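Working notes, beginning with the structure itself.
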């Protein structure tokens, strides 16, 4: 819990920061002299009462169920969907992931699961036959598969945030969708895998632009192929994770298909979105992935003047409002570059662990690799609580 008594007065803090700027001394050095750290800093506009109640349930507080129903994840990333399906009672047999650091994170957290990815395999879904053989040989997957396939093809070709990094007339303009040579066809590699193994249920998830680009032609073509194979495919639906127990505004498009059963109906959203207060009201003592950035005095001077929800335009970071869902956690590129938002009570950017809490990863879940790659893993992931709500709905409709 945040303790106001540990804070400097705002006037003392302002004097200390001005002294660091004038002497060109790192702020961390002045703080150290006074026996303080960055978490002892405060905003000018600070809440007087942090003890209000908010409906917020951590995924690790849920009683894990056991269905005995198998599942396989594709384009697994850091494992957000895997965690949600596991908590809903599914038995995750295998994960397919081409990024070496992400694959390392999966192996660390799921030691009993087959991970098809570096260094043992490329994990590249374009190598369809090789991946299928690994699923058969290593995980014992057979057709028809009486479980669930779930995954989201890499979203960069469909992402608005990614597109904004380039000019629309440039050769590197990313929002090219299914024209993207490297990633755009991966949806159809996944469709091929579904056609081959015929899982009872499949899930496709992605950013909203995935369903909109090319006039919806690419996704429509995939759905038509799967419908012809006997699947009843529910109309794609965009869900906001904040409506399903995730303390973050994060929109994902979902497509769910079912073999030999009635059409899937999506879970019902909560009456109110989930505020992020509960994320920042809990202690972080002893937690992994919680290294925080040591900002310069000039940055802190700008940050500490922000009100809830306001943006520092120079640093392109926003102070979170604890009374509302967090802004979307940003991934950056696959080589790093993700940036975090500003803590609602402390004028610094939030850590990987704090971002992971916003995403509803359990505190026991460890992200491997350098910090920049950890941010990317967290930001790319499906929030496990959203995945849990989806998986629970699938379980209730088709596996109970």
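Each value in this text was obtained by applying a stated rule to the coordinates, not by laboratory testing. Keep in mind that this is a model prediction, so the values were computed, not measured. Glycine also receives a Cβ, built like all others from the backbone with ideal geometry; neighbour counts cover every protein chain displayed.
Computed over the Cα atoms of the chain, what is the convex hull's projected area averaged over all directions, in nm²?
Result: a mean projected hull area of 20.6 nm².
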(request) Return the single residue from 135, 219, 67 with maximal mean-square fluctuation; model: Gaussian network over the chain, springs between Cα atoms under 10 Å. (result) 67
(message) What do you get for the angle between helix 384-398 and the principal long axis of the chain? Use alpha-carbon atoms, 0 to 90 degrees, nearest ten.
(response) 30
(message) If you scale each eigenvalue of the Cα gyration tensor by 5 and take the root, what three semi-axes come out for the range 249-368, rounded to whole angstrom and sorted largest first?
(response) 31, 17, 15
(message) Run the numbers for residue 227 and residue 261: contour at 0.36 nm per residue of separation, minus the present Cα-Cα distance, in nm.
(response) 11.0 nm
(message) Using the basic label-point model (7 angstrom from Cα toward the beta carbon), what is the residue 313 to residue 143 distance in nanometres?
(response) 5.7
(message) Helix-only estimate, please: 222 nm mean residue ellipticity of the chain, summing -39500 (n - 2.57) across DSSP H runs of length 4 or more and dividing by its residues, to the nearest 500.
(response) -9000 deg cm²/dmol
(request) Identify which of 94, 275, 14 has the largest mean-square fluctuation in a Gaussian network model of the chain, with springs joining Cα atoms closer than 10 Å. (result) 14
(request) Mind pulling the angle between the C-alpha long axis of helix 100-109 and the longest principal axis of the chain? Nearest 10 degrees, somewhere in 0 to 90. (result) 90
(message) If R₀ is 22 angstrom, what is the calculated FRET efficiency for the pair residue 290 and residue 45, using the beta carbon separation as r and rounding to 0.05?
(response) 0.30
(message) Between helix 371-380 and the chain, what is the angle of the helix's C-alpha long axis to the longest principal axis, kept within 0 to 90° and rounded to the nearest 10?
(response) 50
(request) Let me know the whole percent of all Cα-Cα pairs from the range 1-42 that are separated by more than 13 Å. (result) 52
(request) Just grab the label-to-label distance for residue 272 and residue 196, each label 7 Å out from Cα along the Cβ direction, in nm (one decimal). (result) 4.9
